[in-house]
Structures are given as structure tokens and as C-alpha cells.
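The values are calculated or read from the model by the stated rules, or taken from the named source; none is laboratory data. In this text the structure is predicted, and so the values were computed from the model without any measurement. Cβ coordinates were reconstructed from backbone atoms using ideal geometry, including for glycine residues, and neighbour counts include every protein chain displayed.
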Amino acid sequence: MATLPLPRKVTPTAKSSKPPRFYADNTILSGYKKCPRFHYLRQERGWRSEGIRKPLVFGIAWHAAMAVVWQGFHKLGKNLLPVAMEAFWQSWIEEGAPKTLDLATIEEWGARTPHVAEEMLINYVHERESILKKSRLISSEQPFAVPIFPDDTSVWYIGRKDEKILLNGEGLVIEHKTTSEYKKDGGFKSSYIEGWSPNAQIEGYLYSEQHEKKNRARMVWVDAALVHKQVHDKFKFIPISIATGGIEAWLWECRDWIARIMSERERLATAYTNASHMTAFPKNTESCSGKYGLCEFIHLCRSVNNPHKLKVPPEGFVEDRWEPFDILKLNTIMEK
Ligand code: SF4
């Protein structure tokens, strides 16, 4: 069988012979896959729409509580739930969510409120008690950076694994997720459960695990928690492994997406800035509306054909760069 050619290697665009490093994470790559123009606006310009993104705020706060549960289960005893909830509140406030919730605010936030989180947390610890007891935590919120090309240290795939545990002698990655995809019978929509395989984020974790010397995980368990106004006790582990050859396929695709981003950057660098429209990072209008609603840039894309001309974010948008390298504190694990 013919071997698929590797995508061309990323070439430096800077004049310096030493190219800057490119750190790709799942957020960056999935944004580009959704729409190259989305990638340009969100990543190259660092813009986002103003205002609080409620599902994101709740998800980040839930992760903060999960870190306490998994790190503190054997140490905190009766204080586990209060400390986990404190972590939830701290993250919630840091992300700009309201400190107090009157009835109107609760209505506005729907199921994604601290009160729902508290109920969920009580049920979560009860449901997960047996695995928390019998597993050993290897790491929690551990960042990773792995090379993408064997002979090029300028391109890295980075991320952070929520928990890594040892269960029955096997390494296992746990990835916490919240979802509102509810169905009456069983709690989770089957499309949500089935949608985890194939999944580039999970495959990226398994690729990074291949660089581990000890307790290498061959499986990720997605730790799904249902967020619902009335139902607070639905949790599900969704075990994901990868078929033989799957990691190689992920790596090929990861290289390909990175090469496409770099190629668009090159096109942009030679494009005429004041042209009537952009000739790089094309729009993919199939993605303007999806299962999570309208794309945050839809008003911009409707009215501005060449956002490259704009020096500052237009009204309704702010500059808020996604800097995974700094967020993950990767300088602590990578040589300078
Ligand atoms: S509105 Fe559509 S074309 Fe514009 S960035 Fe979003 S997905 Fe892309």
C-alpha cells in the first residue's frame, strides 16, 4: 500500500535563521479547522467578543473543583467538599462571573450556577468514591510539550492533562468535561458519548503519552458531568483508546494543520494590506452557525471584508490573547 506523503515541514518566515517556536494546542488547531478566518481573528489578532462566555466560565470553575477532589481525596477528609467548592467560587469570580446571584441572574445563567455545581459536586464525590479510593494520583493539571517533527524543535504540541492516575497497575488519563446534552433516559445524549471517538484532543493526549517513560497511558477516560437545572447526578466515564496506526494518523494530520496555518501566515505576509478583501485565512461560512449557536465573529464577518486593515478590534470585541504557553507555565518544563 502506498504511504501517504508527509505534509511539508514548516519553514521559518522570519528573516532570522533561527525561527520562532510555534506552540500548537488543541484550541488553536480546532479553531483553524472550524474556519481559517476564525483562527485569524481569534489567534493571529487575539480578538474575542466582549462579555462572559457562560459555559466556559462554568467549565473552568468545575475543573478547579475537580483538581481539589482528585488531589485532596485522601488528605482533606470532611473538608474535601468545602475546599472544592471554594476553588469553584474562586475560579468563578476570577473569570468575572457574578459574586451574588439574585433570581434574575440565576434565570440568566440557567443550569450553570454555583448552586447547581454544589449539588453536582456532592453527587460526584459519592459516585466516584470507589475509583478515588482505589486509584493513585500520578499528576494533576500537568502541562506537556511534545515535538511534532523529529528533526525540528521549533514546533511543539502542547496541552495539559487534567488527571493522570494509576489504576490496577495501568496509567490512565482522566479528562473532565461538562455538557448540557441531556436525554431523559440515561442522562447523556448518545451523540455526545459517541462523539468522543475519534477526537483530536484525546488522540493528542495519547500521542503525548508516548513520550512518557513511566506509567504510559493507553487510554483516556472522559469524565463527563451533566449540567442541568434539575438533574445533578449524572456522570459518565467514556473510555477512549486508539486503534493501531491511529497515533500516526493523528500526527500526520496535526502536522498538516500546522503546515496550513504557517502557509496562510506566509500568504498574509505578502498580501496587500489595504486590499478590499483579505487574501489569506479564508472564511468557512459553513461554520458560522453550529450546535453552540452563532460564531462570535459573525457580525464582523458580515460587515468587514478585510479585517487585516483594522488596527484595533472593532466595537463589541476586545483583545484577549490565547497564550497557552504562559497559561500552562510551560517555561517550567521546557528548556529555554
Ligand atoms: S462568522 Fe463564519 S466566516 Fe466568520 S469567523 Fe466565524 S465561522 Fe468564520
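Quick notes on this one:
Listed here are the residues, each with its yes/no results for (1) within 16 Å of the ligand (Cβ to nearest atom); (2) more than 27 Å from TYR205 (Cβ to Cβ); (3) surrounded by fewer than 17 Cβ atoms within 10 Å (Cβ to Cβ); (4) of a type in the set (S, T, N, Q).
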{"residue": "ARG255", "(1), (2), (3), (4)": "no, no, no, no"}
{"residue": "MET262", "(1), (2), (3), (4)": "no, no, no, no"}
{"residue": "ALA275", "(1), (2), (3), (4)": "no, yes, yes, no"}
{"residue": "MET278", "(1), (2), (3), (4)": "yes, yes, no, no"}
{"residue": "LYS283", "(1), (2), (3), (4)": "yes, yes, no, no"}
{"residue": "LEU300", "(1), (2), (3), (4)": "yes, yes, no, no"}
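- Number of residues in the stretch 205-236 that are in a helix (DSSP H, G or I) and in contact with a Phe, Trp or Tyr (Cβ under 7 Å, 6 or more places away or on another chain): the value is 2.
Condition check ((1) within 15 Å of the ligand (Cβ to nearest atom); (2) under 20 Å from the mean Cα position of the chain (by Cα); (3) surrounded by fewer than 13 Cβ atoms within 10 Å (Cβ to Cβ); (4) without any contact (Cβ under 8 Å) to a residue 24 or more places away in the chain) across all residues:
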| site | (1), (2), (3), (4) |
| --- | --- |
| ASN305 | yes, no, no, no |
| LYS311 | no, no, yes, yes |
| ASP320 | no, yes, no, no |
| ASP326 | no, yes, yes, yes |
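- Residue list for the stretch 40-51, filter: in a helix (DSSP H, G or I) and surrounded by fewer than 22 Cβ atoms within 10 Å (Cβ to Cβ): GLN43, GLU44
- A search for C-beta distances below 6 Å between a residue of the stretch 202-221 that is under 20 Å from PRO150 (Cβ atoms) and any residue that is in a loop (DSSP other than H, G, I, E, B), counting only pairs 6+ apart in sequence or on different chains, returns GLU203/ILE242; LEU206/ILE242; GLU209/ARG216.
- Residue match in the stretch 124-131 (condition: modelled with pLDDT of 95 or more and touching a Lys or Arg at 6+ places or on another chain (Cβ under 7 Å)): no
- Residues that are β-branched (Val, Ile, Thr) and modelled with pLDDT under 95 within the stretch 257-278 comprise THR270, THR273, listed in sequence order.
- Search result, residues across the stretch 152-194 that are assigned to a loop (DSSP other than H, G, I, E, B), within 16 Å of PHE235 (Cα to Cα) and either aliphatic (A, V, I, L, M) or out of contact with any helix residue (DSSP H, G or I) (no Cβ under 7 Å at 6 or more places or on another chain) (or both): SER180, LYS184, ASP185, GLY186, LYS189
- Residue within the stretch 197-204 that is of a type in the set (A, V, I, L, M) and assigned to a strand (DSSP E or B) present: no
- Criterion applied to ALA224, ALA269 was being more than 16 Å from the ligand (Cβ to nearest atom) and surrounded by 12 or more Cβ atoms within 10 Å (Cβ to Cβ), and the one residue passing it is ALA224.
- Considering residues of the stretch 64-113 that are of a type in the set (D, E, K, R) and surrounded by 14 or more Cβ atoms within 10 Å (Cβ to Cβ) only, the residue farthest from the chain's Cα centre (by Cα): GLU86
- A count restricted to the stretch 27-82 and to residues that are touching a residue at least 12 places away in the same chain (Cβ under 8 Å), more than 16 Å from the ligand (Cβ to nearest atom) and on the phi > 0 side of the Ramachandran plot stands at 0.
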